[in-house]
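What follows is a short report on a single structure.
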Amino acid sequence: MRKPLTIRILSSLDTKSWIALGIFLALALVVVPVLHLNFPEDSAFHISTYAITLIGKIMCYALVAVAMDLIWGYGGILSLGHGLFFALGGYAFGMYLMRQIGRDGSYQSDLPDFMVFLDWKELPWFWVGSDSFGWVAFLALALPAVVAFVFGYFAFRSRIKGVYFSIITQALTYAAMLLFFRNETGFGGNNGFTDFKRILGYPITSSETRLVLFGLTAVMLAVTLVFAAWLVKSKFGRVLTAIRDAESRVMFIGYNPLWYKLTIWVISAVICGIAGALYVPQVGIINPSEMSPGNSIEIAIWVAVGGRGTLIGPIIGAFVVNLAKSWFTVSFPEYWLFFLGLLFIIVTLMLPQGLVGLWKKLMDKKGASA
Amino acid sequence: MTKTILVFLLFAGSLSAQAALDPAQVRQLAAEDSTEKVAAIRQLTQTADPDAVRVLKAMADDSLFLAGDKALIIDGDKAVDAITGKPVNMPANPESVTVNNRIRGELSSALAALKLFDSDLAVRLASAQKLQSQVTPEMAPLLARALEKEIDPQIKALLTLAYAQANLKNADPAARLAAVKELAETSSPTIKSVLLPLTEKAGEPDDKVRYEAIAAVKAIDSRLAMAENVGRAFSGLSLGSILLLGALGLAITYGVMGIINMAHGELLMVGAYATYGMQTLFRAYFPNAIDWYLPAAIPVAFFAAALVGVLMERTVIRWLYGRTLETLLATWGISLVLIQSARVLFGAQNVEVSNPSWMSGGIEIMPNLMLPWNRIIIIGFAMFVLFLVWVLMNKTRLGMFVRAVTQNRPMAGCVGVPTSRIDTMAFALGAGIAGLGGVALSQISNVGPDMGQGYIVDSFMVVVVGGVGQLAGAVWAALGLGIFSKLLEGWAGAVVAKILVLVFIIAFIQKRPQGIFALKGRFVE
């Protein structure tokens with residue numbers, strides 16, 4: 001007896017969580033736009049463009065963190081290459097944004113500026129169709145999926161796991177970074193894509209476009225969270241957790257871990273691709289440094305800070321770490337790396353369950369003493 | 001007409017013996033027309049006379065003057081006769097000899113050619129070497145004369161080459177043929193470019209000479225290509241030895257404790273900064289022994305890095321045994337802290353570490369193949385460290401304990417091996433070896449806070465390919481990857497080579513997930 005899908009989805013979160021999610025969406029879709037548009041800039045209630053961009057950016061990171069939690073928290077596979085999937089989604093969507101610049105670039109050419117600079121006469125084959133929003137949106141999902149599938153298939157098939165897998169993923173994103181740094185690769189080399197003008201014909205820097213993107217990111221985050229919560233509670237999610245805890249046993253019972261791992265790996269990559277595609281128009285730039293090994297390993301610390309295997313924890317972690325980063329880099333830029341480094345050490349030593357674990361512990365103590 | 005005959009006679013005469021300079025010729029240096037001036041300079045050069053050197057030098061220095069029909073060299077308020085070199089009275093209003101850029105160029109090559117006749121051997125050698133790249137057909141007679149007089153075999157060889165080059169434009173095909181044959185023996189890119197025009201009909205009408213030239217270019221090409229390949233293999237070996245120094249320490253820490261130390265690159269950095277510190281110390285207190293700072297830095301770097309390693313192990317890693325993924329994150333955090341500490345202590349800029357004088361220069365095997373001493377010494381150093389580690393691991397009690405812990409930790413503990421102390425010692429050893437790697441790196445690359453980051457991915461690749469806990473694996477993997485990537489680099493460029501190597505590694509561990517040398521035995525998870 002299986003319950004209908006709607007019921008199963010509804011039951012993936014408890015009532016409190018649904019209410020919290022509702023409040024979050026109401027804030028993002030109603031309160032923020034109203035405060036941004038209806039209050040003058042000097043008002044105390046005004047939410048600045050800077051704040052909207054920052055929060056929008058962090059919500060994209062939170063999406064990546066959820067993706068990372070699925071693979072690391074539930075699959076037990078630590079990827080140090082998730083920045084690659086994020087960047088691939090970003091680059092795919094960036095192609096569209098580059099084409100939308102049209103003839104407004106510095107060289108007034110139909111081609112993106114960097115191609116004129118390289119003296120290319122026409123678009124390379126992989127840019128075909130990049131002026132179509134639909135195709136590019138598809139690409140932003142398909143590209144990370146295909147790369148993840150091919151890499152994951154070979155890696156999981158030969159049962160590469162643990163730190164080996166982590167190191168290979170790091171090498172993968174490192175190799176991709178080197179590739180994208182080259183001008184001849186056809187993605188703008190060092191500078192990547194920037195100076196976007198329009199999206200679907202609307203000016204990209206206008207308040208309305210920003211708010212729409214902001215709202216879209218919030219909705220995407222909520223949908224992903226519900227989907228992930230449903231996924232990990234489903235039978236698939238349970239087998240996955242079992243593989244994390246005792247792969248050999250699961251194998252001897254008769255499951256093939258390859259397909260479970262591969263599925264969650266590809267899903268995780270696709271979520272990263274979506275996050276990347278939402279990130280680029282809001283932040284206005286994508287370049288190969290997004291694929292640097294350091295960036296990918298930072299994703300892991302968001303998840304670790306929030307708490308692995310909790311789904312909500314990584315979102316909290318992404319917000320805490322990135323808000324701290326924005327604050328540090330403005331106020332004490334030279335201490336940011338000390339802070340981040342110590343965060344890595346302290347969280348792994350003292351907070352194996354992250355902030356969510358700490359909160360639960362405090363609640364338990366309170367409950368016990370009361 | 002009379003003038004040409006006169007010049008010809010003088011020319012012939014100057015070849016025979018030490019004739020004094022002809023005043024008419026010297027006067028011609030002051031001619032209105034630049035072309036005539038050039039002709040005069042060339043003729044004076046042919047005399048190869050010390051007096052001619054004086055006159056031309058004066059002209060180049062703008063101190064050659066004409067007073068009436070006499071050429072004078074005026075320096076301040078003293079005047080000498082240009083031809084005889086004897087002091088004369090200062091004339092009333094001397095007329096200076098103007099020199100434009102074309103003349104200046106002509107003068108400088110003339111003076112360079114005349115240096116071939118200098119009495120100092122070193123000057124002649126320098127001049128002959130300089131000539132190699134700028135031989136003109138007009139120099140043929142001059143070179144012939146220099147060749148006749150030369151006694152030093154090294155200079156003679158150089159002059160023979162230059163003479164052959166000059167003869168390539170000789171009107172006589174037999175002379176050209178001889179010249180081409182002579183040049184075919186060399187292996188320098190400049191000679192090849194000199195010969196190239198002769199391989200085409202437009203440049204060489206005589207078939208025989210042309211075929212000879214084609215064969216000569218081919219011979220030079222193959223020698224050049226060989227030298228290039230040898231050079232590539234050598235730089236691969238040198239890269240491999242650097243990788244080895246990075247990976248040896250990792251092989252110990254990962255092999256023994258199963259710890260992925262992401263801060264390993266920063267331990268290299270600690271070693272490099274220790275070298276920098278020793279250099280500063282020697283500069284300040286023992287400036288006379290500055291060349292010895294590098295040997296002195298070796299133990300300092302080892303212990304500095306080992307100390308950092310012990311601190312890391314005691315404060316952080318100790319608590320994370322068995323949780324490899326967490327160790328990875330924590331050591332990454334340590335690496336960030338170390339990088340930032342280096343920035344705060346030494347500044348974000350790279351610091352300057354210079355080679356001691358005995359490491360500069362190199363062995364020139366062929367004109368386009370030079371093996372620098374610093375690379376050779378680093379290869380030797382890597383071998384030395386490898387030997388040291390081998391002795392330590394195989395011939396000492398500590399090494400035996402380390403191997404025991406690697407193979408079976410609980411059992412080693414049961415028979416009384418202090419496993420936790422061994423962990424600390426092994427980690428310190430691995431860190432110290434990284435510090436030694438830092439000493440080597442400081443001699444060939446920049447020393448800065450970020451220097452470790454570039455090596456960490458490569459070092460891990462070596463460990464992954466080589467297999468865990470195996471020194472032999474690390475050695476083969478390091479040298480193999482070093483040479484493989486340098487050869488690929490020559491064929492596909494640095495970035496593509498790096499990507500191909502990574503793709504290759506991913507494919508490789510498909511086939512051998514345990515690396516080249518897997519530990520024999522069965523594992524239970």
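Under the convention that each Lys and Arg Cβ holds +1 and each Asp and Glu Cβ holds -1, the size of the dipole of chain A around its Cα centre is about 1780 debye. Listed by chain and number, the lysines whose alpha-carbon sits under 24 Å from that of A:K197, ignoring those within fewer than 8 places in the same chain, are A:K57, A:K121. A Förster distance of 56 Å, applied to the separation of the beta-carbon atoms of B:A24 and B:S354, puts the FRET efficiency at 0.50. Taking Cα atoms only, the orientation of helix B:121-131 departs from the longest principal axis of chain B by about 90 degrees.
Extension gain for B:V503 to B:M370 (0.36 nm times residue separation, less C-alpha to C-alpha distance): 44.7 nm. Calculate the FRET efficiency for B:D75 and B:A157 from the Cβ-Cβ distance with a Förster distance of 25 Å, rounded to the nearest 0.05. Between B:D75 and B:A157 the formula returns 0.05. Other residues whose C-beta falls under 12 angstrom from the C-beta of B:E313 contribute a net charge of +2, scoring Lys and Arg +1 and Asp and Glu -1. Under 14 Å of direct C-alpha separation, and excluding same-chain neighbours fewer than eight residues apart, A:K325 reaches these aspartates and glutamates: A:E298, A:E334. So what's the net charge close to B:K57: Lys and Arg +1, Asp and Glu -1, counting the other residues with Cβ under 13 Å from its Cβ? That works out to -3. Pull up the cross-link candidates among the lysines for B:K181, meaning alpha carbon to alpha carbon under 28 Å and not fewer than 8 places away within one chain. Output for B:K181: B:K115, B:K130, B:K149, B:K156, B:K169, B:K192, B:K201, B:K208, B:K218.
Electrostatic tally near A:F328: other residues with Cβ closer than 15 Å to its Cβ, Lys and Arg +1, Asp and Glu -1, net 0. For B:D33 and B:A178, the FRET efficiency from 1/(1 + (r/R0)^6), where r spans their Cβ atoms and R0 equals 45 Å, is about 0.75. Across region A:299-316, rounded Karplus estimates of 3J(HN,Hα) from the backbone phi angles (6.51 cos²θ - 1.76 cosθ + 1.60, θ = phi - 60°) give 4, 4, 6, 4, 5, 5, 5, x, x, 6, x, 10, 6, 6, x, x, 5, 4 Hz, Gly and Pro being marked x.
Report summary: the helix-based calculation at 222 nm, which adds -39500 (n - 2.57) for every DSSP H run with n ≥ 4 and divides by the residues of the protein assembly as shown, gives -22500 deg cm²/dmol. Using the average count of surrounding beta-carbon atoms within 10 Å as a protection proxy, the listed peptides A:270-277, B:441-448, B:370-377, B:472-479 rank, highest first, as A:270-277, B:472-479, B:441-448, B:370-377.
We did not get these values from a lab; they are worked out from the coordinates using the rules stated. Bear in mind that the values here come from a model prediction, so they are computed numbers and not experimental data. A quick note on method: Cβ atoms are made from the backbone with ideal geometry, for glycine too, and the neighbour counts reach across all protein chains shown.
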